[in-house]
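Working notes, structure below.
The values are calculated or read from the model by the stated rules, or taken from the named source; none is laboratory data. Predicted model only: the values in this text are computed from it and were never measured. Glycine gets a Cβ as well: all are built from the backbone with ideal geometry, and neighbour counts include every protein chain shown.
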Amino acid sequence: MTTISTGRRNARHEPLLCRCLLLDCVVQTRDQWHARVRAFNAALVAYHLYTTDEVLTEFLAFYSATDPLLRTRAVSFVRATLQHPYTTVMPQTRLGFLEALALYEARPDKTYSLTDCISMQVMRREGLTDVLTNDHHFTQEGFHIVFR
């Protein structure tokens, strides 16, 4: 996965937003999705993955009170993500936060988290339509879930 970049797409790879589903399954080998994600992971060479600082923060927060081995794996995975050449990690910004807050506020009938809203706004800004998640909220906003 890559260093924080401007979000320019690699012409050889299709863009895809990555949410916590993939991240969790890599660290937790006993996760119900682990085997499916491992198999799917081989196909990801055709994609340039995007994620956000906020998704990585949420991912690490999940592992903060777990077994030290899982916490160590999570940190290693995030560090590798930040260095991977076919991943762009979009940085946290005040503007991004405010755009997400506006979406969060505009959808009181939905159960979107603020991190969901940040990801959705990044997808709109970057022109992304596909998302690697099991979260149905993204289809409610018109995005295509790649992994079901």
In segment 24-39, anything surrounded by 11 or more Cβ atoms within 10 Å (Cβ to Cβ), modelled with pLDDT of 65 or more and either within 16 Å of Tyr86 (Cβ to Cβ) or not basic (Lys, Arg) (or both) is listed as Ala35
Quick one: in segment 136-148, of everything that is surrounded by 16 or more Cβ atoms within 10 Å (Cβ to Cβ) and not in a strand (DSSP E or B), which residue is farthest from the chain's Cα centre (by Cα)? Glu141
Give me the residue from segment 44-98 that is hydroxyl-bearing (Ser, Thr, Tyr), at pLDDT 90 or above and surrounded by fewer than 19 Cβ atoms within 10 Å (Cβ to Cβ) and, out of that set, farthest from Met123 (Cα to Cα). Thr72
From the list Tyr63, Tyr112, Tyr50, pick out the single residue that is of a type in the set (Phe, Trp, Tyr), in contact with a helix residue (DSSP H, G or I) (Cβ under 7 Å, 6 or more places away or on another chain) and farther than 22 Å from Asp130 by Cβ. Tyr63
How many of the residues in segment 101-124 are free of Cβ contacts under 8 Å to residues at least 24 places away in the same chain and within 23 Å of His48 (Cα to Cα)? 4
